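Read through the structure below, which is laid out as structure tokens, and then see the notes.
The values are calculated or read from the model by the stated rules, or taken from the named source; none is laboratory data. Nothing here was measured: the structure is a model prediction, and the numbers come from that model. Every residue, glycine as well, gets a Cβ built from its backbone with ideal geometry; the counts of neighbours run over all protein chains shown. Each accessible area value is taken on the protein alone, full model and side chains, heavy atoms only, with ligands, DNA and RNA left out. Shrake-Rupley method; radii C 1.70, N 1.55, O 1.52, S 1.80 Å.
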Amino acid sequence: MATRKKVLLKVIILGDSSVGKTSLMNQYVNKRFSNQYKATIGADFLTKEVVVDDRVVTMQIWDTAGQERFQSLGVAFYRGADCCVLVFDTTAPNTFKNLDSWRDEFLIQASPRNPEHFPFVVLGNKVDLENRAVSTKRAQQWCQSKNDIPYFETSAKEGINVDIAFQTIAKNALAQESDEGIDSAFSPSLTLGSSSDSNNRPNSSDCSC
Amino acid sequence: MDDLPKEFDLIVIGTGFQESVIAAATSRVGKTVLHIDQNEFYGGFWASFNLENFMTHLNRDTGDKKCKIRNVSQEWFEFTEEKSEINGWNKEKIISEGRRFNIDLIPKLNYCNGKLVELLISSNICRYTEFRAVDKVLTVLNGKIDVVPGSRADIFTKKNVSIIEKRLLMKFITQCVEYKREENNESFKEESFDFPDDGKFIDLMKQQKLTDNLIHYILYAMCMANTETTFKEGLEAIRTYLTSIGRYGNTPYLFPMFGCGEIPQCFCRLCAVFGGVYWLGQKINDIQLINDESGNELVKMNFGNEEISAKKLVCGLDSNFIDLNQNPFEYISRAVIITSSPLGGSTVNSDMDGGGVVLLYYPVEGKSDGITMIQLAHYTSCISKGLYLIHLSTTCQNGAKSDLQPFVETFLRHDHDAETEDDTKPTILFSTYFEIPSSIKGHDYVSQQNGPIYSCSGAFSELDYDESIRQSRLLYSKMYPNDEFLPKAPEPEEIIIGDDDDDREGNVNLGVLADLVPENKEDTDKVLEKEDMNKTQ
């Protein structure tokens with residue numbers, strides 16, 4: 001890699017309501033878990049610095065903010081994603097069946113440049129519960145049939161496999177980011193109100209007419 | 001599927017700009033919001049679409065709806081065997097790439113120091129989208145397209161502006177900035193213009209002996225004004241221009257990546273983050289006003305299979321549920337044109353590869369507002385590399401085609417001849433014309449509204465969102481006079497999600513959020529005071 005510019009990876013988490021999307025992200029970033037289920041309130045996105053192949057990258061993990069509840073995620077949510085995490089509840093077969101439509105929805109809305117090779121990661125969550133209803137084999141088969149999507153069985157509650165899953169997510173997102181168009185590097189877009197805002201502001205002597 | 005609550009503080013129908021701002025502001029202060037749209041997509045008249053969905057949307061059957069997009073026409077360049085492609089593009093190739101386009105129904109630019117940017121930053125909604133600085137501003141001087149000098153350096157290297165003109169320009173601009181700023185300071189007063197506020201801006205410039213060249217740059221390129229613009233309006237425009245320039249780029253404008261359809265969605269996300277419930281694509285069967293046990297008016301709404309009541313209801317211009325007599329609307333004439341070379345050709349595009357955003361304001365004689373042209377290239381993620389998306393807008397007078405013809409016939413061509421030397425006129429590969437409902441600037445939409453059903457205005461014929469934000473603030477303060485308008489949202493790290501320490505059943509997250517919600521009205525008053533001061537300046 002020629003440049004060592006700061007890398008920001010956007011990761012989005014999709015899946016049916018109450019499969020544990022917010023909990024997974026909260027467990028990974030804050031090492032916390034709450035037993036009480038609430039439709040996501042206050043969950044926005046969390047950032048975490050991770051080291052991937054000796055590189056420090058910032059991973060921004062975006063929650064659905066509950067807009068998936070009635071299939072009302074807007075296209076803006078999907079913009080510029082470097083990796084898409086699909087989550088289902090291993091005790092609720094319907095949430096597994098819906099992975100297909102979440103994957104399709106992502107590919108339609110995000111329209112990635114190379115849909116065949118866009119990085120997905122599948123998480124089968126809530127393996128700490130006893131009433132398991134989706135077998136490992138079934139989940140693995142589905143992932144294999146979709147171009148070998150990496151699959152992890154996690155428990156956000158117990159913190160099982162959460163770190164390793166997100167490490168893979170970061171790695172695959174970084175690979176995707178490096179593949180994306182060079183064009184944007186020449187002409188970066190602006191995020192308002194951030195530190196880059198003031199950096200971009202020239203000295204007052206330059207611009208006060 | 002979890003159940004939808006049966007009662008909300010507010011239901012909002014429609015996801016256009018103003019509806020989304022109201023929804024976000026209401027949710028932000030801790031009220032419960034149900035935000036719905038009968039469309040399957042966000043934005044209503046403010047949406048962006050890919051090419052296929054754009055055409056489907058324009059041509060869809062809207063039945064007997066009164067307030068809707070009208071007079072749609074579309075045309076492709078006639079590719080033949082001899083002329084099977086232009087710069088490597090033909091109809092099939094454009095359609096195959098069309099999935100990546102983001103075509104705005106109503107394109108807008110944002111002043112770097114304008115009301116929208118200010119609101120996005122002050123509310124912290126800015127983190128939901130990214131922008132691109134507009135690369136250059138063009139103007140038409142003596143029939144030719146020319147680049148408007150942006151920075152101070154640009155003006156001084158510009159050959160067709162003489163040294164005397166440069167001095168005049170600097171003096172005039174300095175006076176505009178200083179004017180009435182130091183009202184109580186006698187020494188400044190002498191420097192000020194002696195000119196009535198409602199006098200015409202152009203007359204002031206003539207009084208100050210500015211040359212025709214300079215008047216043109218100031219009036220059309222900096223202020224996007226016309227000969228009727230008043231001194232007061234002109235002064236405000238030039239100040240916004242000057243405080244915006246150099247903040248993010250070489251021009252005073254920004255354009256949202258992926259198009260303007262992102263903007264309402266940013267506000268919706270904030271609403272959702274604070275607990276707002278979203279449901280798109282559901283038909284609304286019925287809306288009634290009822291009284292609860294204590295005699296308070298409630299709104300009851302049937303939609304899908306749900307029956308839901310709310311203390312207040314807000315309807316968007318395209319929602320079919322607003323009284324169009326009380327909310328009169330007009331139309332904006334629009335054209336969307338795709339070309340495979342940039343406007344003005346190599347003479348104005350020599351410095352770059354034409355990958356950015358370009359603005360041109362073209363005054364039209366006998367019409368109070370001119371034609372606004374926004375040209376987008378691939379860096380905006382709105383069109384493929386090698387293609388150019390040209391948006392034309394003006395208030396509707398004689399129909400879209402006729403209103404926009406002065407621009408199209410002068411700067412674009414319908415034929416293609418590779419042999420000609422003149423590459424300044426791009427060939428139109430695809431064009432569509434339509435007229436889209438908009439609200440009337442200066443009309444009082446808010447003061448007569450007393451609830452519990454309120455209506456939103458649509459887009460205004462303006463470059464930025466200033467009037468829309470003003471109307472949103474007015475409506476919100478009418479609905480919730482004691483609540484602050486979009487105070488800064490906390491950073492994501494500051495929001496703790498469902499902590500185990502807090503065991504209050506059903507109230508966990510709201511409990512955390514309550515700390516973030518302002519409790520009193522003091523802050524609002526401060527903001528309003530500040531605004532008043534700004535106004536009187």
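Per the conditions (1) hydrophobic (A, V, I, L, M, F, W, C); (2) farther than 20 Å from A:Val122 by Cβ; (3) buried (at least 19 other Cβ atoms within 10 Å of the Cβ); (4) more than 7 Å from every other protein chain (Cβ to nearest Cβ), the sole criterion not satisfied by A:Val51 is (3).
Annotation for region B:152-167: no member residue is within 24 Å of B:Gly345 (Cβ to Cβ), open to solvent by 30 Å² or more (accessible area, probe 1.4 Å) and at pLDDT 85 or above.
So which strands (runs of 3 or more DSSP E) are wholly in region B:76-177 and hold at least 2 residues that are closer than 30 Å to B:Leu270 by Cβ and not aliphatic (A, V, I, L, M)? Break it down stepwise before answering.
Numbers: elements: B:131-133, B:136-141, B:144-147.
Here the list reads B:131-133.
The set of residues from region B:84-113 being within 14 Å of B:Ile436 (Cβ to Cβ) and either exposed (fewer than 14 other Cβ atoms within 10 Å of the Cβ) or out of contact with any Asp or Glu (no Cβ under 8 Å at 6 or more places or on another chain) (or both) comprises B:Ile103, B:Asp104, B:Leu105, B:Ile106, B:Pro107.
Considering B:Ser402, B:Ser431, B:Ser393, B:Ser381, the condition of being among the polar types (S, T, N, Q) and surrounded by 24 or more Cβ atoms within 10 Å (Cβ to Cβ) is satisfied by B:Ser393 alone. Any residue that is open to solvent by 20 Å² or more (accessible area, probe 1.4 Å), in the same structural domain as B:Phe45 (by TED's automatic domain parsing) and in a strand (DSSP E or B) - is there at least one of those in region B:312-323? Yes, some residue in region B:312-323 is open to solvent by 20 Å² or more (accessible area, probe 1.4 Å), in the same structural domain as B:Phe45 (by TED's automatic domain parsing) and in a strand (DSSP E or B).
Looking across region B:58-83, the residues that are surrounded by 11 or more Cβ atoms within 10 Å (Cβ to Cβ) and free of Cβ contacts under 8 Å to residues at least 24 places away in the same chain come down to B:Asn59, B:Arg60, B:Thr62, B:Phe79. Restricting region A:61-78 to residues that are free of Cβ contacts under 8 Å to residues at least 24 places away in the same chain and surrounded by fewer than 23 Cβ atoms within 10 Å (Cβ to Cβ), the residue that is farthest from A:Val50 (Cα to Cα) is A:Phe70.
Can you tell which of A:Ala81, A:Ala92, A:Ala110 is within 14 Å of chain B (Cβ to nearest Cβ), open to solvent by 20 Å² or more (accessible area, probe 1.4 Å) and touching a strand residue (DSSP E or B) at 6+ places or on another chain (Cβ under 8 Å)? Criteria check complete, one pass: A:Ala110. Scanning region B:236-252 for residues that are at the interface with chain A (Cβ under 10 Å from one of its Cβ atoms) and more than 19 Å from B:Leu360 (Cβ to Cβ) yields a total of 5.
Would you confirm whether any residue within region B:34-55 is loosely packed, with under 14 Cβ neighbours inside 10 Å and either away from chain A (no Cβ under 14 Å) or under 25 Å from the mean Cα position of the chain (by Cα) (or both)? Yes, because at least one residue in region B:34-55 is loosely packed, with under 14 Cβ neighbours inside 10 Å and either away from chain A (no Cβ under 14 Å) or under 25 Å from the mean Cα position of the chain (by Cα) (or both). Among the residues of region A:7-47, those that are more than 9 Å from chain B (Cβ to nearest Cβ) and either part of a strand (DSSP E or B) or at pLDDT below 70 (or both) comprise A:Val7, A:Leu8, A:Leu9, A:Lys10, A:Val11, A:Ile12, A:Ile13, A:Leu14. Checked against (1) modelled with pLDDT of 80 or more; (2) more than 14 Å from chain A (Cβ to nearest Cβ); (3) farther than 30 Å from B:Phe255 by Cα, B:Lys189 passes all but a single condition, namely (1). Counting only residues that are under 17 Å from B:Leu389 (Cα atoms) and not aliphatic (A, V, I, L, M), region B:74-91 holds 9 of them.
Restricting attention to region B:227-249, the residues that are touching a Leu at 6+ places or on another chain (Cβ under 8 Å) and modelled with pLDDT of 85 or more add up to 4.
One residue stands out in region B:283-311 among those that are open to solvent by 50 Å² or more (accessible area, probe 1.4 Å) and of a type in the set (S, T, N, Q): the one that is nearest to the other protein chains (Cβ to nearest Cβ), namely B:Asn305. Taking B:Leu219, is it surrounded by 24 or more Cβ atoms within 10 Å (Cβ to Cβ) and either in contact with a strand residue (DSSP E or B) (Cβ under 8 Å, 6 or more places away or on another chain) or farther than 24 Å from A:Val75 by Cα (or both)? For B:Leu219, the condition - surrounded by 24 or more Cβ atoms within 10 Å (Cβ to Cβ) and either in contact with a strand residue (DSSP E or B) (Cβ under 8 Å, 6 or more places away or on another chain) or farther than 24 Å from A:Val75 by Cα (or both) - is met.
Among the numbered conditions (1) part of a helix (DSSP H, G or I); (2) small (Gly, Ala, Ser); (3) within 8 Å of chain A (Cβ to nearest Cβ); (4) surrounded by fewer than 24 Cβ atoms within 10 Å (Cβ to Cβ), the only one that B:Ala272 does not meet is (4).
Take the conditions of a type outside the set (Phe, Trp, Tyr), within 25 Å of the chain's Cα centre (by Cα) and assigned to a strand (DSSP E or B) and apply them to B:Ser447. Does it pass?
Working: of a type outside the set (Phe, Trp, Tyr): yes; within 25 Å of the chain's Cα centre (by Cα): yes; assigned to a strand (DSSP E or B): no.
Criteria not met by B:Ser447.
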